[in-house]
1. Looking at the stretch 26-49, is at least one residue open to solvent by 50 Å² or more (accessible area, probe 1.4 Å), at pLDDT 85 or above and not in a helix (DSSP H, G or I)?
2. Taking interchain pairs and intrachain pairs at least six residues apart, which have beta carbon atoms under 7 angstrom, with the first residue in the stretch 7-35 and more than 13 Å from Ile60 (Cβ to Cβ) and the second assigned to a helix (DSSP H, G or I) and open to solvent by less than 50 Å² (accessible area, probe 1.4 Å)?
3. If only one of Asp77, Asp58 is closer than 23 Å to Pro10 by Cβ, modelled with pLDDT of 85 or more and part of a helix (DSSP H, G or I), which one is it?
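The values are calculated or read from the model by the stated rules, or taken from the named source; none is laboratory data. Everything quoted here is computed from the prediction, not taken from an experiment. All Cβ positions, even for glycine, are placed from backbone atoms using ideal geometry, and neighbour counts span all protein chains on display. Protein only, heavy atoms only, side chains kept; ligands, DNA and RNA dropped before computing areas. Shrake-Rupley method; radii C 1.70, N 1.55, O 1.52, S 1.80 Å.
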Amino acid sequence: MNPNSWMDNPALSGIDPAKLQLLTSLAGQAQGKSQNELLPFLMSAASGQLSFDPSEIDTIIHVLKIGKSPQEIQRIDRMCALMKQFNRHK
């Protein structure tokens, strides 16, 4: 399966292609990082130049969860909760 196949989901058609390309790049850079390394990496990436509105984020997360195991979905949900906490404390 193509690791970027999630980008072909029609639900993402309303999101700027530059933003989707950024996500692909970040996903590649995140490969192989442990959970301890991943959070600081995501925090650094979140302070980048492109920003996503809440509906774009919700759509992307929904698409990323498709076909994942319940354990993987829980990890995604935990990471989202951590990111929300971090953003509240900025």
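1. The answer is no; no qualifying residue exists.
2. Partner pairs satisfying both residue conditions: Ala30/Leu38; Ala30/Phe41; Lys33/Phe41.
3. Numbers: Asp77 fails: closer than 23 Å to Pro10 by Cβ.
After applying the criteria, what remains is Asp58.
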